[in-house]
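Structure first, commentary second.
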Amino acid sequence: MSYDVMVFDPAVAPREAEAFLQWYNAQTEWNEKHEYDDAAVSVPALQAFFTELAEDFPPMDGPLSDDEDDRPQVTDYSIGTHIIYASFDDEVAEDAHGQVQILANKHQIGFFDVSGDGAIVYPDGTVLIPGEEEEEEGNA
């Protein structure tokens, strides 16, 4: 099992839950014309987020990967222009969740709790829960 999250560029992500989920599904078809293991393809805020997160949760593949590293912190990332999808080992899920939220806030990017409660959190504090009315909160 894994704990999956996605961070995203809030400038391009829809601000309505159902539209966001359609956009998410399109993004995770992985149709961009590049490899999905290098943050160099992402917008600057996502690159900065990834650089910091990879210090504690190194990538399984790509330029920063280490084939000898078999710790549970090693994470499977799929990196697009406007999203970074991360699959964390369940053993580190709680720590990963907290750190992703902190870094998403720091770098002013959105956070989608794919495996958790489904919250879609924007840097302005807007929280969308698919199937519920939009609500305003500080964090999910």
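The values are calculated or read from the model by the stated rules, or taken from the named source; none is laboratory data. Remember, predicted model here, so these are calculated numbers, not experimental data. Virtual Cβ from ideal backbone geometry, glycine too; neighbours counted across all protein chains shown. These accessible areas exclude ligands, DNA and RNA; they are computed on the full protein's heavy atoms, side chains included. Shrake-Rupley method; radii C 1.70, N 1.55, O 1.52, S 1.80 Å.
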Residue pairs within 9 Å by beta carbon, gap of at least six or interchain, first lying in region 62-81 and more than 17 Å from Ser42 (Cβ to Cβ) and among the aliphatic types (A, V, I, L, M), second open to solvent by less than 90 Å² (accessible area, probe 1.4 Å) and at pLDDT 95 or above, listed first then second, are Val74/Phe57; Val74/Pro58; Val74/Asp89
Does Arg15 count as within 17 Å of Leu128 (Cβ to Cβ) and either within 14 Å of the chain's Cα centre (by Cα) or of a type in the set (D, E, K, R) (or both)?
-> yes
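Can you tell me which residues in region 109-129 are assigned to a loop (DSSP other than H, G, I, E, B) and surrounded by 15 or more Cβ atoms within 10 Å (Cβ to Cβ)?
Passing the criteria: Ile109, Asp113, Val114, Ser115, Gly118, Ala119, Tyr122, Pro123, Ile129.
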